[in-house]
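This report concerns only the one structure given below.
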Amino acid sequence: MEGFFMAFYRMGWHRTAANYVRFIANLRSFLSLLSMNTASYLPSDYIPIFIQLSLALGFIVVTMLVTHNIGPKRHSVKKDDPFECGIPTQGDARAPISIKYFLVAILFVLFDVEVIFMYPWAVNFMQLGQEGFIQMVLFMGLLLAGFYYVIRKGVLKWE
Amino acid sequence: MTFQTYDCLQMLPIILLSLSGIALLFLGFQKSRALLLPATLLFLVIAFVANFLDWGKTYMYFRDMLLVNNLAMIFTGVVLLSTFMVVSLSGSLADDEDAQPAEYYAILLFSLVGAIMMIGFENLIMLFVGVEILSVAMYILTGSDKRNLRSNEAALKYFLMGAFATGILLFGIALLYGATGSFVLSGIGNYAHSATNAGGSMLLFYVGMFMLLIGMLFKVSAAPFHFWTPDVYDGAPSLFTAYMSTVVKTAGFAALLRILSVSFSGVYDFWWVAMAVVTVLTLLIGNITAVYQASFKRMMAYSSISHAGYLLIGLVGLSQASKPAIAFYSLAYSLSTIAAFGVLMLVARNRPLNAAVFGDQTTLARTDEHYDAFNGLARKNPLLGFVMAVSMLSLAGIPLTAGFWGKFMVFSAAADRGAVWLLVVAVLMSAVGIYYYFRVVIAMYFREGQTDTIRVAPFYRIVLIAATVLTLALGLLPNLFQGLI
């Protein structure tokens, strides 16, 4: 890896990259000067976005081409197998899966999102004060009521 | 950010319905299912009363997110009344082994929260949240008949197409925000007024407006966006089809009325042509395709498309008069549709599908919902025949029923705008409508058929009679909402 960075440095690409950033910044200020009178965005304002987009796409295409063409290829039964966590594959992708997996996944998403709401509230706990606290208690209460319902329904029972 | 008491205490229907939905979920853990139906009806009555506590006042709730005024309260009342009637027709769920009534009722109450948000939204975010709450609940209920292949198909179709339409709606909201810098209806309205006067490009605004309208027109099944309707209404259990074709439609039109009258009235000259074209298409496709249906339930699906067309006339002729007109039409349409589905459910339940007649379709549909099922119904069951006949007359718009005045009011709203050619199309299509609505009446009264006396539970009977009496009473009291809004 270090060798790669050294080669990068020796070839002067860091200067190219820095120049690219500077070019974008200059283009941006130049275009904003142009559009200052109208105080609205012109189509040309989006040029940096398109440059960014083409660079991102170009990176993907180039890496894909390079890795496919440079590396050595050795085929074997084991190597061509789909690789999933090291467990041998069973059946094809359309095998019916128990609905319980889906329910657990949905529940996971639900409680994941709940935590996302808790974080900003925890950070601003003092500022939000009593009102924020009541709202969070209501939110948690509704969520826990749903959780209790799910448990009573036996969704988490795996027999 | 102060904690204002009126902020959280007055938006009562939404809070009550959410809490009672949760309560119903837990009520479902009891062994007996007998308590579920009365509890749901009780919750609905409480929400109905709470809804009208603010009568005569105009409030803005949750930091300008939701508006409550008389119009919103009337629409909410119509939606709650329709739900009350649909739920009271669901007595047979308690005996159905496959059904899970507690969850169904809870989902219905949750979806009402979405409907109320769609009725009173002041912020486009509330519109989106309301549409999603209502739609997701509908996707679930459409597929609730899990062993019926057609129900599954309907749910998947509805979900895929509905999700796509919601995406378009959201894109429209984003573009409107980009153009106006506001999610608030009045803010967008101010921009529309000032920008049209100032001149200059409004491309972003117009594209956003039309994408939002397309998303909403999909939800109310207007013509170029109606393809999901027949399959979904046909495949869903009749009970939930009745709910979908009344509550969802009422809420959708309340939302359209609100956004068109508050936000887009300044650019009326720009959108009315597009809406008029959609209206004509909806009327033509809905009515003419309904003629060719052999299944009564499928005919009701196309009938609901055609009624979306009549309601759209009220929007094309947007004025102060179209507000009570659309509210009245929604009420009239809901009453007759629920009564018709009520009779259909009774008839279909007593007639398992005959394999010899319909061949391999037996695996798809469990009950017979064709016109033939109604043959000779009125002879042994005069009450059911009369209820069905009145609701068909009302849907066809025959005088002395509520449906006539509903049509009359939306037509006169459009006539004030001078859209006479639109009315010509609408009246012609009403004449077509008479043909397919009367097919049921003819089958019931003039055809021979083997129908036994159908046993009707007392409460079921009361609701059917109430819907019929209300339909006839509204036919004599057309000025119900006139002075209130």
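Would you confirm, using the coordinates I've provided, whether residue A:142 is within 13 Å of another protein chain (Cβ to nearest Cβ), surrounded by 13 or more Cβ atoms within 10 Å (Cβ to Cβ) and over 17 Å from residue B:19 (Cα atoms)? No, not satisfied. Among the residues of region B:269-326, those identified as in contact with a strand residue (DSSP E or B) (Cβ under 8 Å, 6 or more places away or on another chain) and not in a helix (DSSP H, G or I) are B:294, B:295.
Scan region A:145-159 for residues that are away from chain B (no Cβ under 12 Å) and surrounded by fewer than 12 Cβ atoms within 10 Å (Cβ to Cβ) and the total you get is 3.
For region B:18-63, name all the residues that are assigned to a helix (DSSP H, G or I) and within 14 Å of another protein chain (Cβ to nearest Cβ). Passing the criteria: B:18, B:19, B:20, B:21, B:22, B:23, B:24, B:25, B:26, B:27. Scanning region A:85-117 for residues that are over 23 Å from residue B:19 (Cβ atoms), within 26 Å of the chain's Cα centre (by Cα) and either surrounded by 11 or more Cβ atoms within 10 Å (Cβ to Cβ) or at pLDDT 85 or above (or both) yields A:101, A:102, A:103, A:104, A:105, A:106, A:108, A:109, A:112, A:115, A:116. Listed by first and then second residue, the pairs with beta-carbon distance under 6 Å, at least 6 apart or on different chains, first residue in region A:103-131 and more than 14 Å from chain B (Cβ to nearest Cβ), second assigned to a helix (DSSP H, G or I) and surrounded by 12 or more Cβ atoms within 10 Å (Cβ to Cβ), are A:114/A:143. Note on region B:198-224: residues that are under 20 Å from residue B:126 (Cα atoms) and not hydrophobic (A, V, I, L, M, F, W, C) amount to 3. Residues that are more than 17 Å from residue B:304 (Cβ to Cβ) and assigned to a loop (DSSP other than H, G, I, E, B) within region B:374-409 comprise B:375, B:376, B:381, B:398, B:399, B:400, B:401, listed in sequence order. In region B:429-456, what residues are over 26 Å from the mean Cα position of the chain (by Cα) and among the aliphatic types (A, V, I, L, M)? Across region B:429-456, the qualifying residues are B:442, B:443, B:444, B:454.
Here's the yes/no breakdown for (1) of a type in the set (Ser, Thr, Tyr); (2) surrounded by fewer than 22 Cβ atoms within 10 Å (Cβ to Cβ); (3) free of Cβ contacts under 8 Å to residues at least 12 places away in the same chain; (4) closer than 26 Å to residue B:335 by Cβ:
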residue	(1), (2), (3), (4)
B:80	no, no, no, yes
B:85	no, no, no, yes
B:92	yes, yes, no, yes
B:103	no, yes, no, no
B:109	no, no, no, yes
B:112	no, no, no, yes
B:116	no, no, no, yes
B:124	no, no, no, no
B:128	no, yes, no, no
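Tell me yes or no: at least one residue of region B:142-149 is in contact with a Ser or Thr (Cβ under 6 Å, 6 or more places away or on another chain), in contact (Cβ under 8 Å) with a residue 12 or more places away in the chain and farther than 18 Å from residue B:226 by Cβ. Among the residues of region B:142-149, at least one is in contact with a Ser or Thr (Cβ under 6 Å, 6 or more places away or on another chain), in contact (Cβ under 8 Å) with a residue 12 or more places away in the chain and farther than 18 Å from residue B:226 by Cβ, which makes the answer yes.
Of all residue pairs spaced 6 or more apart or on separate chains, those with beta-carbon atoms under 6 Å, a first member in region B:307-327 that is charged (D, E, K, R) and a second member that is assigned to a helix (DSSP H, G or I) are B:323/B:71.
Scanning region B:263-286 for any residue that is free of Cβ contacts under 8 Å to residues at least 40 places away in the same chain and in contact with a Ser or Thr (Cβ under 8 Å, 6 or more places away or on another chain) turns up nothing.
Of the residues making up region B:93-112, those that are modelled with pLDDT under 95 and either touching a Lys or Arg at 6+ places or on another chain (Cβ under 7 Å) or of a type in the set (A, V, I, L, M, F, W, C) (or both) are B:93, B:94, B:98, B:99, B:101, B:102. The C-beta contact set for region B:47-66 (first residue charged (D, E, K, R), second residue modelled with pLDDT of 85 or more, distance under 8 angstrom, 6+ apart or interchain) comprises B:54/B:68; B:54/B:73; B:57/B:68; B:57/B:69; B:64/B:122; B:64/B:123; B:64/B:184. Tell me whether region B:250-263 contains one or more residues that are surrounded by 24 or more Cβ atoms within 10 Å (Cβ to Cβ), over 12 Å from the mean Cα position of the chain (by Cα) and not in a helix (DSSP H, G or I). Within region B:250-263, one or more residues are surrounded by 24 or more Cβ atoms within 10 Å (Cβ to Cβ), over 12 Å from the mean Cα position of the chain (by Cα) and not in a helix (DSSP H, G or I).
The values are calculated or read from the model by the stated rules, or taken from the named source; none is laboratory data. All values derive from a computational prediction rather than experimental measurement. As a convention, Cβ positions derive from the backbone with ideal geometry for all residues, glycine included, and neighbour counts pool all protein chains shown.
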